[in-house]
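Since the structure comes first, as structure tokens, the remarks are kept for the end.
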Amino acid sequence: MAGELPEFYFRVRENGAVVFRVDTENRQRRIEMDQIAVVNVRNGEIRPHGGRELSAHERGAIGDWMAARKATLAARDIDDIHRAVDHLNLTSQWAQSRASDTQLEQVTDALLLAMHDLRTVLVRKKSDRLTRR
């Protein structure tokens with residue numbers, strides 16, 4: 001393989017990752033991955049695997065990965081919202097210019113309820129922010 005392999009590999013799962021120590025320092029020069037922990041990004045829990053004790057270095061690397069992962073997920077969240085705004089605009093254009101009566105009948109109630117719910121939440125949150133100032 002080209003380049004230097006990382007010391008740790010994080011297999012991403014829904015709420016965190018399984019953490020492996022990457023080892024190529026063996027007689028066969030094969031890549032071996034030894035599971036050392038399971039982490040939960042949501043609650044910050046780090047569970048060592050198999051009764052092992054994690055070193056301060058391992059805990060530090062896991063903590064750094066968790067911080068970077070949280071930042072990645074936060075960036076994805078806001079990007080998803082920007083995409084939702086684009087989709088709302090595209091939906092408006094579709095409804096105005098291309099949608100048939102049958103198509104509009106299929107989606108109007110669901111869209112109106114979703115937009116009403118979103119508007120209610122956004123107005124309440126904006127009001128909360130304004131009263132805190």
Is it true that residue 69 is modelled with pLDDT of 95 or more, touching a Phe, Trp or Tyr at 6+ places or on another chain (Cβ under 9 Å) and charged (D, E, K, R)?
-> yes
Quick check: anything in region 78-95 among the aromatic types (Phe, Trp, Tyr) and touching a residue at least 24 places away in the same chain (Cβ under 8 Å)?
-> no
Within region 87-118, which residues are exposed (fewer than 10 other Cβ atoms within 10 Å of the Cβ) and among the small types (Gly, Ala, Ser)?
-> 97, 100, 110
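The values are calculated or read from the model by the stated rules, or taken from the named source; none is laboratory data. None of the values given here were measured: they were computed from a predicted structure. Please note: Cβ atoms are built from the backbone with ideal geometry, for glycine as well, and neighbour counts cover all protein chains shown.
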